[in-house]
Amino acid sequence: MKITLVSPYPDITNYGLRTLSGVLRAAGHETQLIFLPDFSGDGEIAHVEMRRDRYSALTMERFLELVEDSDLVGITLMTHYFDSALQLTRAIKEQHDTPVIWGGFHPSARPDECAAHADFVAVGDAEDLLLQLVDHLERNDLEDLSHIAGLIWRRGDTVVKNGPGVLEQELDAYPFPDFSGDGHHILFEGELLEMSPDLLRRYLHNGTVSRMFSRTGYQTMTGRGCPHACTYCGNSFTRDLYKGQRYVRYRSVENVMEELEQVTTQYPFIDFIWFSDDSFFGRDLPDMLHFASEYKRRIGLPFYLLGSPGTITEEKYAALVDAGLHCIQMGIEHGSVRIQKLMRRSTMGNDKILESAEIIARYADRTAAPQYDVIYDLPYETVEDKVDTLRLIAKLPKPFKLQVFSVIFYPGTSLHTLASRDGLISDERSEIYDKMYFEKNDNYLNTLLYLSRSGRFPARLLEALVDERLVAAMTSDYMRPAAGVSKKVIQHVRSLMNNPTLTRARALGTFQARLEGMTGANAGAAAPWGSG
């Protein structure tokens, strides 16, 4: 059978889709991979007007030529790429009537919505599901698919929902992601071209993390699942889907090293590794030390990974830095105890955040500044909650950088269920499907958060700016019509931060004097920082 697998994501690594291709090829089937990067769907094009038709007529014509002889087309999608998948599927149905299966997080969370357009929907992990479905297609036996775990399918006019499958515990059983280049195509500058090593290099170099460090990175995963179940994250859905099964699983160290040796030999331009495990530090200490030792000996490239507060220990972190860790990304998300509880992150509170950040800071001379994630603009936040986050940021040891994300209530997450119950979602299309993470409300506290992203904001100045009396003034109904005052405050803060001749003490004193001039003597007298 010939199966075409399609990705609309700007990041063409797509570990899941490439692994499916590897599984199908190992079973003797032919696969074709088509990468159609839709940059508007990932917020790569700021403030773009979201179009329902994401691809040009020329692109669609070439795409239909490529899939013409396919026996099955699989499309992976997250919520922002629903329209991409819909445009592709409608075109296939109009021209070829080839069966189409949708998979990925959004179809898993919204199978009914997706089954209205696709012939089949894959819920959860799809390796075994896809092999079984292709076997039925090959035998032209589609009468009863009820034994294929995780499959959503149609029996006449009825949509049948099979129960979830069993998670594969031995991840080494799966082949490596398919980076062969054989039968791979990519949309490049408006043309659908055969994937060449040079095009692969260009896109890997332009990956989200690779761009940060001007490197050509290879992204992979050493495990699946996350030890946490944060309400804003898809793991909260997937954990419930596979309740009672061991959710966090890891590949063997040897298996990971063999993959990395193979791909770096095939593509010598790769000079950076990006591990996208949800929580890399979940490995036990002996396994982590073995990983670090083997990586240093056999791979030796700088690498990037994700960690979570409380899972990072001194011994693990030191071993990884010695092995070549270049940068870590850690979610701090929020500084309010109340919001942390809402997010199911109480076990990763401010004490754990600062403890982990202190460990990271001790190795700052050997790594790039860590990336800390923050979520903002939750409807459940009070002004005090927002201030708690800014106060936590002021306590973080430097250097660091912040990645700030406007909350999105993705379908399937616990937070979406909560927000729906509380009447906080009125239009899913504009508030979820078309919303980008960089959107923000333009207010005083959000501006301070954005000013903090570089990690260079003086801690004492930030603490002064979130003094309860100043915040009360800047966020009051009285001040709202005078938005220009808030903007002037921020302009003064920027000028002070960018003035290399001012010491921190002089900068704070200068700011106090300017604030008095803008808001009157009483506001200045209430300022808590005095002359120091």
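The values are calculated or read from the model by the stated rules, or taken from the named source; none is laboratory data. Model, not experiment: these values are computed from the prediction. With ideal geometry, Cβ positions are generated from the backbone for all residues, glycine too; neighbour counts draw on all protein chains shown. Protein only, heavy atoms only, side chains kept; ligands, DNA and RNA dropped before computing areas. Shrake-Rupley method; radii C 1.70, N 1.55, O 1.52, S 1.80 Å.
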**Prompt:** What percent do you get for the relative contact order of the chain when only Cα pairs under 8 Å and 6+ apart count?
**Reply:** 10 percent
**Signed unit charges on C-beta, dipole axis of the stretch 95-180, positive-most listed residue Ile101, Ala116, Tyr174** = Ala116
**Prompt:** Where Lys and Arg each count +1 and Asp and Glu each count -1, what net charge lies around Glu143 among other residues with Cβ under 13 Å from its Cβ?
**Reply:** +1
**Item:** Centre separation in Å (Cα based) which lies between the stretch 257-302 and the stretch 433-448
**Value:** 36 Å
**Asked** For the pair Thr417 and Arg391, what calculated FRET efficiency results from E = 1/(1 + (r/R0)^6), where r is the Cβ-Cβ distance and R0 = 35 Å, to the nearest 0.05?
**Response** 0.70
**Prompt:** Using unit Cβ charges (K, R positive; D, E negative) and no other charged atoms, how large, in debye to the nearest 20, is the dipole of the stretch 8-147 about its Cα centre?
**Reply:** 400 debye
**Item:** the chain, accessible surface, carbon-and-sulfur percent (1.4 angstrom probe)
**Value:** 49 percent
**Prompt:** Against the longest principal axis of the chain, how steep is helix 285-298, in degrees 0 to 90 to the nearest 10, with axes from Cα atoms?
**Reply:** 80 degrees
**Asked** Label-point separation (nm) for Arg201 and Glu168, each offset 7 Å from Cα along Cα-to-Cβ?
**Response** 3.2 nm
**Asked** By per-residue mean of other Cβ atoms within 10 Å, what is the highest-first order of 347-358, 433-444, 103-114?
**Response** 103-114, 347-358, 433-444
**Request:** Restricting attention to the chain, give the cysteines that have no other cysteine Cβ less than 4.7 angstrom from their Cβ.
**Result:** Cys114, Cys226, Cys327
**Prompt:** From the cross-link list Lys352/Lys398; Lys243/Lys316; Lys401/Lys440; Lys243/Lys440; Lys316/Lys341, which pairs have alpha carbons spaced over 25 Å apart?
**Reply:** Lys243/Lys316; Lys243/Lys440; Lys316/Lys341
**Positive-end extreme of charge dipole, the chain - chosen from Leu415, Gly22, Gln132 (charges on Cβ)** = Leu415
**Using distinct alpha-carbon pairs, which all enter the 1/r mean, Kirkwood radius of the chain in Å** = 25.3 Å
**Asked** Where the only charges are on Cβ atoms (+1 Lys, Arg; -1 Asp, Glu), what is the dipole of the stretch 325-477 about its Cα centre, to the nearest 20 debye?
**Response** 620 debye
**Message:** Could you give the length gained by full extension between Glu428 and Ser252, i.e. 0.36 nm per residue of separation minus their alpha carbon distance, to one decimal place?
**Reply:** 59.2 nm
**Prompt:** Pulled fully out, how much extra length does the chain show between Asp467 and Glu138, if you take 0.36 nm times their separation in residues and subtract their Cα-Cα distance?
**Reply:** 111.6 nm
**Request:** Report the charge-dipole magnitude of the stretch 312-388 in Debye, nearest 20, computed about the Cα centre from +1 at each Lys and Arg Cβ and -1 at each Asp and Glu Cβ.
**Result:** 200 debye
**Message:** Tell me the angle of helix 15-26 to the major Cα principal axis of the chain, expressed in degrees between 0 and 90 and rounded to the nearest ten.
**Reply:** 20 degrees
**Asked** 222 nm [θ] for the chain, helices only, -39500 (n - 2.57) per DSSP H run of 4+, per residue, to 500?
**Response** -12000 deg cm²/dmol
**Prompt:** In whole percent, what relative contact order does the stretch 185-315 give with Cα contacts below 8 Å and a gap of six or more residues?
**Reply:** 25 percent
**Prompt:** What FRET efficiency comes out for the pair Leu285/Leu66, r = Cβ-Cβ distance, R0 = 35 Å, nearest 0.05?
**Reply:** 0.15
**Request:** Please list 140-151, 251-262, 389-400 highest first by mean number of surrounding beta-carbon atoms within 10 Å per residue.
**Result:** 389-400, 251-262, 140-151
**Fill in**
Taking a probe of 1.4 Å and leaving out DNA, RNA and ligands, the chain shows per residue an accessible area in Å² of 42 Å²
**Request:** Give, as a single signed number, the net charge of other residues whose beta carbon lies under 13 Å from the beta carbon of His106, with Lys and Arg counted +1 and Asp and Glu -1.
**Result:** -3
**Message:** Rounded, prolate or oblate, given the Cα gyration tensor of the stretch 67-122, with a/c below 1.5 counting as rounded?
**Reply:** prolate
**Fill in**
Counting all Cα-Cα pairs in the stretch 268-357, those more than 21 Å apart amount in percent to 35 percent
**Request:** Provide the net charge surrounding Ser196, with neighbours chosen by a C-beta distance below 15 Å and charges set as Lys +1, Arg +1, Asp -1, Glu -1.
**Result:** -3
**Prompt:** Accessible area of Cys226, 1.4 Å probe, to the nearest 10 Å²?
**Reply:** 10 Å²
**Asked** Could you give the Stokes-Einstein D for the stretch 357-421 in µm² per second, using the C-alpha Kirkwood radius, 4 °C, 1.567 mPa s?
**Response** 93 µm²/s
**Message:** If you take every DSSP beta bridge fully contained in the chain, what fraction is antiparallel? Give it as a percent rounded to 5.
**Reply:** 25 percent
